[in-house]
Structures are given as structure tokens and as C-alpha cells.
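One structure is given here, and the rest of the page talks about it.
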Amino acid sequence: MLEPKALFPVFFAVWIVLALCGFLFFHREKNVAKKRLYFPRFVIGTGALFALVIALMLPASAVLLFLPFLALITWLNLRMTRFTGARIARQAVLAELRIDCDSPEGRLIVDELVDDMDAAIRATVEKLTGSGVVSAAGNRRAFRISEEPLDSFRRYMSVYAREQAFCHFSPALIANLERNWNAASRRA
């Protein structure tokens with residue numbers, strides 16, 4: 001297996017090639033049906049490649065924490081508008097609005113504040129499994145589908161993935177990272 005220092009240049013080169021090929025194909029191809037066919041595959045494939053490389057570069061213990069967070073952050077914005085409304089969600093995402101858990105806005109996101117986490121987990125597990133896991137899972141799916149239609153989720157994820165790809169190569173982001181991340185002085 002490649003070391004992270006050796007893997008990163010390979011990943012970066014492949015990512016650049018994918019970005020250029022994607023740009024050329026999706027902006028120059030005239031056949032809309034063909035673009036609709038390949039765009040979801042392209043987005044999922046590049047996202048999977050990104051997750052794979054990150055998983056290979058991180059220590060195994062960090063991967064278990066990283067992958068769920070990678071999935072969570074991709075659709076958190078979509079769901080946050082449903083919980084807090086579009087205005088608060090925009091302020092939180094775009095203007096770094098701090099939302100404290102015990103504030104009125106925080107109560108829109110957080111179901112319960114607890115002091116004893118172990119007792120709260122036991123009580124929640126008891127509530128969810130009291131009528132059977134299948135019932136809880138079925139009800140959760142039904143709520144989610146009624147609140148967030150699959151086509152809405154697909155549209156959001158395709159736009160989000162495309163915009164993230166453009167963001168990763170923006171001069172402003174690169175300048176910000178060079179100014180604040182200070183990668184040259186970090187030890188590997």
C-alpha cells in the first residue's frame with residue numbers, strides 16, 4: 001500500500017484529469033440525454049474516489065469517524081432548512097451563525113439535552129426497540145419520504161457535488177488554505 005505522501009500526488013493527478021474530462025464532457029457534449037445518463041455516475045464515482053483516498057490516507061481508527069461525517073455534511077444543508085427554516089440555515093452555513101443547543105434555534109435541531117449520556121442512550125434504545133426495530137425503521141422511512149422526496153434529495157446532491165467540485169479548484173479557496181492552513185510548516 002502506498003504511503004499518504006506517495007498517494008497524494010497520484011490522487012491529485014487523477015482528480016485533475018477527472019475534473020478536466022468532466023468539464024470537457026459536460027460542457028461540450030450537446031446530447032442532453034447522454035449527459036443526464038452519465039452525470040450521476042460521474043458524481044458518485046468521483047465522490048467514491050475521494051472517500052477511498054481519504055480512507056487510505058487516514059489511520060484506520062480515524063476512518064471509522066471520517067466516513068459517516070463525510071456522508072453527513074453532504075446533505076446537512078438540505079435537512080437544516082427543513083428544521084430551522086431557510087433564513088437561519090443560510091446564516092449558519094454562509095455566515096457561520098453559532099447555534100447553541102439550548103437556544104430557541106438550537107431546540108429546532110436538537111431533540112434533547114442530556115447530562116447522563118449512557119442513561120439517555122439506554123432510554124432511547126428502549127423506546128425505539130419497544131415496538132420492534134422493524135416498526136421504528138419503517139416509520140422513520142415513511143416520515144423521511146414524506147418530508148424529503150427522493151427526487152428532491154437527488155437534485156440537491158447533484159448540485160451540491162458539482163458546486164463542491166468547482167469550489168475545490170477555486171483560486172479563492174486555494175489562497176485561503178495557503179494563508180490559513182500553513183501546510184508547508186506542518187509535520188507529517
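Laboratory data are not the source of any read-out in this text; all were calculated from the coordinates shown. All of these numbers come straight from a predicted model, not from anything done at the bench. Here Cβ is always computed from backbone atoms with ideal geometry, including for glycine, and neighbour counts include all displayed protein chains.
Here the calculated FRET efficiency for F26 and L94, from their Cβ-Cβ distance with R0 = 30 Å, stands at 0.70, rounded to the nearest 0.05. Summing charges over all other residues whose Cβ lies under 14 Å from the Cβ of F23, with Lys and Arg as +1 and Asp and Glu as -1, gives +1. Annotation: amide H of L97 within the under-5 Å range of A92, sequence separation 5 or more or interchain, hydrogens built in the peptide plane.
Counting charges near L78 (Lys, Arg +1; Asp, Glu -1) among other residues having Cβ under 15 Å from its Cβ returns a value of +3. A simple rule links phi to the HN-Hα coupling: the Karplus curve 6.51 cos²θ - 1.76 cosθ + 1.60 with θ = phi - 60°, which for the stretch 149-159 gives x, 4, 5, 5, 4, 4, 4, 4, 5, 5, 5 Hz, with x for Gly and Pro.
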